[in-house]
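Reading through the structure tokens given below for one structure.
The values are calculated or read from the model by the stated rules, or taken from the named source; none is laboratory data. All figures in this text were calculated on a predicted structure; none of them were measured in a lab. Methodologically, a virtual Cβ is constructed for each residue, glycine included, from the backbone with ideal geometry; neighbour enumeration extends over all protein chains shown. When the accessible area is computed, the model is the full protein with side chains, heavy atoms only, and any ligands, DNA or RNA have been set aside. Shrake-Rupley method; radii C 1.70, N 1.55, O 1.52, S 1.80 Å.
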Amino acid sequence: AAAAGEFYFGKEDVARNFLYVYVGSFVGAGLVLNGDLEPGIYSNAACLATMPVPKSNLSNAGDDIWTTLVDRASLNSLIKYLNFNKVQITQISELSSIIDNNRSLVHDWMLDCAESLVFAIYSSISILDLEKIVIDSDLPRYLLTELINIIDRKLQSSKKKYDFVPRLQQGTLGG
């Protein structure tokens, strides 16, 4: 639904083919193809949360070689990482009260989150021709902007390996 909302009500230029990614408590996504929201045969198109991604490099990562995107790129994963590092936070709205003393931990999570999202973006564009990737979140806007900039730098640094990398755009509907 958020992908359709971004398509119809977003403040940026409208693309007819894009992947919408929402980094919230969960990782939500939507796929717009040829100007239509693509639900998929089983209403599961763009279900990125369960996409396998390489395991995290963060200190609280498990021993498995693979994990899922939701384990690396959700706000719940940020809260778990902060809690693992003895920062008491139970919901993302508390982030502003702890960030000044824990900026390096938040930045470490953002780097890890970005790495997993880059993996998901490359996986997606390997089978879909997309004009852009829209990323939105419940993160404070300045952190979302920073996260998108990290993702963009990672994509641009590997652009020589790929014929096309869609442009990134910050969503206009989130937090």
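For segment 96-113, the Karplus equation 6.51 cos²θ - 1.76 cosθ + 1.60, evaluated at θ = phi - 60°, returns couplings of 4, 7, 10, 5, 4, 8, 9, 4, 5, 5, 5, 5, 4, 5, 4, 4, 5, 4 Hz by residue, with Gly and Pro reported as x. The residues of the chain expose on average 53 square angstrom of accessible surface per residue, using a 1.4 Å probe on protein heavy atoms.
For segment 145-159, putting each phi into the Karplus relation 6.51 cos²θ - 1.76 cosθ + 1.60 with θ = phi - 60° gives couplings of 4, 5, 4, 5, 5, 5, 4, 4, 4, 5, 5, 5, 5, 10, 4 Hz, in residue order, rounded to whole numbers and with x for Gly and Pro. In percent, rounded to a whole number, the relative contact order of the chain is 25, using alpha-carbon pairs under 8 Å and six or more apart.
In this rough spin-label picture, where each label sits 7 Å from Cα along the Cβ direction, the residue 159-residue 146 distance is 2.4 nm. Once both labels are positioned 7 Å from their Cα atoms along Cα-to-Cβ, the gap between residue 172 and residue 16 label points is 2.0 nm. Could you tell me the calculated FRET efficiency between residue 49 and residue 97, based on Cβ-Cβ distance and R0 = 30 angstrom, to the nearest 0.05? Once rounded, the FRET efficiency stands at 0.60.
If each DSSP helix of 4+ residues adds -39,500 (n - 2.57) and the sum is divided by the residues in the chain, what number results at 222 nm, nearest 500 deg cm²/dmol?
Per the formula, -13000 deg cm²/dmol.
The apolar share of the surface of the chain, taken as the fraction of accessible area on carbon and sulfur atoms (1.4 Å probe, ligands and nucleic acids excluded), comes to 52 percent. Rg and Dmax of the chain, both derived from C-alpha coordinates alone, stand at 15.8, 47 Å. Remark: spin-label model distance residue 129-residue 76 equals 3.7 nm, labels positioned 7 Å along the Cα→Cβ axis. What are the residues whose amide H is under 5 Å from the amide H of residue 27, where those residues sit 5 or more places off or on another chain and H is modelled from the backbone? Under 5 Å from the amide H of residue 27: no residue qualifies. In the chain, the longest principal axis of the Cα atoms and the axis of helix 75-84 are about 20 degrees apart.
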